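K.L.:
Below is the structure I would like to discuss, written out as structure tokens.
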Amino acid sequence: MNSTWFRFSVLLISLVLLFVTSGCGMIADKDRIRIAKVNENYVTRGDLYRVLREMPDDERPAIRNKGDLLHVLNTYIDEQVKAPLVPVVEQQLGTGKELVPRQAAAQRFFAEHPDDNFEVMYQIQDPSAVDMTQAQLDMNKQEIELRIDRVLDKMKADAAVVYTAINAYKNKELAIDDSEFEQEYGFRKDSLKTLEWMKFRAIRFPADETDSERAAADVRRRLDAGETFEAVFNEMAAKKPGSVIESEIENNPGLERFRGFWMSASGAEKGTVLGPVFLPEYQVMVEVQGRVGSRNMPAAYLVLEVVDHKAERTLTLEEAKPKLAPTILVSKMMQRLREQNGVEIYEDKLPDPSLFVDRFGQSTVPM
């Protein structure tokens, strides 16, 4: 009886071990399934899982279908074929010239995460200001540095492709025909616009001076009572030359801080008098002794007259070509890089997207 039970136990354990090792082999074999090729190197499902695992949580996409997986795979392959261009372009630029300054990468990273306090955490020295120990603050700063490095690597790779594409165009190695311009214009026409533009002359009252808003209101009352803008402008220029300016401004929707100004000024035609309106600090281009530079203009309340005005409009195809060309050239260069690197994608070998979704419908990554 004991001998029979012992033989049965050994058989049972052997079967369990066989099942476990076979199962692990099946998992390992699936991880080794080839889904793409770059040069002579294959990209496997395991590589794709690793790419997704190593992404920061807030950058990892939801995987709901094979299209999502294909996008991740294509992005990964593009990074592989772009990266070798960076040292080549940096050598061409020469010593002392940066392809992309690290500060630019930091600014982009902070702009992409405005609600996470990364910029504040990155700059502070006293950990108690964010209710942390010094070790916790140092660890967070190190993580921020690593994420800025990721952004910098991507920006450098993109800049290297643009640089290479433009040089190829100049050397007539790449060309753009009219049909390609027309196709890209058709895709982007709605976003290709000249910004609303205004030239004005103004009497300005610096916001940091006492009663500046009241003084601006007094000038407006004089104009409403019948005095001409030119007469009041010349009077103020004679008394205090720095109190009057002539300048230009564009209605850039990306500059949030000028929204209040444009709520009052947008659409105003030549000869219109506006104000008082608040204009935040900005820079103007000035020429001094033949050299062009910029000058900071402090925030101020303005009473202004519109000298000239141009409404927003859609660019014509010819006007848009300089904006369209870089996108077309980069697309062509990426196609060339893929061909040079022998890129192949085996879309039918991509894993089942359901592996990436748990029973609550949340995107997951196989560990």
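The values are calculated or read from the model by the stated rules, or taken from the named source; none is laboratory data. Note that the coordinates shown come from a computational prediction; the quantities given were computed from them, not determined experimentally. Using ideal geometry, Cβ is built from the backbone for each residue, glycine included, and neighbour counts are taken over all protein chains shown.
K.L.:
Test Asp190 against the criterion of being under 29 Å from the mean Cα position of the chain (by Cα), at pLDDT below 95 and over 30 Å from Met55 (Cα atoms), and give yes or no. Reasoning before the result, please.
P.N.:
Details: under 29 Å from the mean Cα position of the chain (by Cα): yes; at pLDDT below 95: yes; over 30 Å from Met55 (Cα atoms): yes.
Spelling it out, Asp190 is indeed under 29 Å from the mean Cα position of the chain (by Cα), at pLDDT below 95 and over 30 Å from Met55 (Cα atoms).
K.L.:
Please give the number of the condition Asn171 fails out of (1) closer than 18 Å to Gln91 by Cβ; (2) surrounded by fewer than 19 Cβ atoms within 10 Å (Cβ to Cβ); (3) touching a helix residue (DSSP H, G or I) at 6+ places or on another chain (Cβ under 7 Å); (4) not small (Gly, Ala, Ser).
P.N.:
The number of the failed condition is (3).
K.L.:
Within region 62-89, count every residue that is in a helix (DSSP H, G or I) and either in contact (Cβ under 8 Å) with a residue 40 or more places away in the chain or in contact with a helix residue (DSSP H, G or I) (Cβ under 8 Å, 6 or more places away or on another chain) (or both).
P.N.:
Quick first cut of region 62-89, residues in a helix (DSSP H, G or I) only: 66-82, 85-89.
Add one more test, that the residue is either in contact (Cβ under 8 Å) with a residue 40 or more places away in the chain or in contact with a helix residue (DSSP H, G or I) (Cβ under 8 Å, 6 or more places away or on another chain) (or both), and what stays is 66, 68-70, 72-74, 76-82, 85-86, 88-89.
Of the residues in region 62-89, 18 are in a helix (DSSP H, G or I) and either in contact (Cβ under 8 Å) with a residue 40 or more places away in the chain or in contact with a helix residue (DSSP H, G or I) (Cβ under 8 Å, 6 or more places away or on another chain) (or both).
K.L.:
In region 115-144, how many are within 16 Å of Asp57 (Cα to Cα) and surrounded by fewer than 16 Cβ atoms within 10 Å (Cβ to Cβ)?
P.N.:
3
K.L.:
Across region 95-135, what is the total count of residues that are more than 14 Å from the chain's Cα centre (by Cα), in a loop (DSSP other than H, G, I, E, B) and under 22 Å from Lys156 (Cα atoms)?
P.N.:
6
K.L.:
Restricting to region 210-245, what's the tally of residues that are under 20 Å from Lys270 (Cβ atoms) and either surrounded by 13 or more Cβ atoms within 10 Å (Cβ to Cβ) or basic (Lys, Arg) (or both)? Quick ask: steps written out before the conclusion?
P.N.:
Step one: filter region 210-245 for residues under 20 Å from Lys270 (Cβ atoms), giving 220, 223-224, 227-234, 244-245.
So of that shortlist, the ones also either surrounded by 13 or more Cβ atoms within 10 Å (Cβ to Cβ) or basic (Lys, Arg) (or both) come out as 220, 223, 227, 229, 232-233, 244-245.
Final tally of qualifying residues: 8.
K.L.:
Just to be sure before I move on: is Arg222 part of a helix (DSSP H, G or I) and either out of contact with any helix residue (DSSP H, G or I) (no Cβ under 8 Å at 6 or more places or on another chain) or modelled with pLDDT of 95 or more (or both) in the structure I sent?
P.N.:
yes
K.L.:
Quick one: how many residues across region 329-350 are in contact with a strand residue (DSSP E or B) (Cβ under 7 Å, 6 or more places away or on another chain) and not β-branched (Val, Ile, Thr)?
P.N.:
Residues that pass the stated criteria total 6.
K.L.:
Which one of these is modelled with pLDDT of 95 or more, farther than 30 Å from Ala300 by Cα and out of contact with any Lys or Arg (no Cβ under 9 Å at 6 or more places or on another chain): Thr164, Thr228?
P.N.:
Going through Thr164, Thr228 in turn, the sole match is Thr164.
K.L.:
Now for a different question. For a quick check of your reading of the model, give me the residue pairs whose first member lies in region 349-363 and is under 25 Å from Val43 (Cα atoms), whose second is aromatic (Phe, Trp, Tyr) and at pLDDT below 80, with beta-carbon atoms closer than 8 Å and at least 6 apart or on different chains.
P.N.:
These pairs meet every condition: Ser363/Phe356.
K.L.:
Given the conditions (1) out of contact with any Phe, Trp or Tyr (no Cβ under 9 Å at 6 or more places or on another chain); (2) closer than 23 Å to Glu112 by Cβ, report the number of the one that Tyr163 does not fulfil.
P.N.:
With respect to (1) out of contact with any Phe, Trp or Tyr (no Cβ under 9 Å at 6 or more places or on another chain); (2) closer than 23 Å to Glu112 by Cβ, Tyr163 is out only on (2).
K.L.:
Looking for whichever is at pLDDT 95 or above, more than 22 Å from the chain's Cα centre (by Cα) and within 30 Å of Ala165 (Cα to Cα) here; the options are Ile35, Ile77. Which one fits? Steps first, please.
P.N.:
Details: Ile77 fails: more than 22 Å from the chain's Cα centre (by Cα).
Residue meeting the stated conditions: Ile35.
K.L.:
In addition: Contact list please: Cβ distance under 8 Å, first residue in region 204-224 and farther than 20 Å from Pro298 by Cα, second residue aromatic (Phe, Trp, Tyr) and crowded, with 17+ Cβ neighbours inside 10 Å, pairs at least six apart or on different chains.
P.N.:
Qualifying pairs under 8 Å: Leu223/Phe229.
K.L.:
Continuing with the same structure: Of all residues in region 178-198, count the ones that are within 29 Å of Arg259 (Cβ to Cβ) and acidic (Asp, Glu).
P.N.:
2
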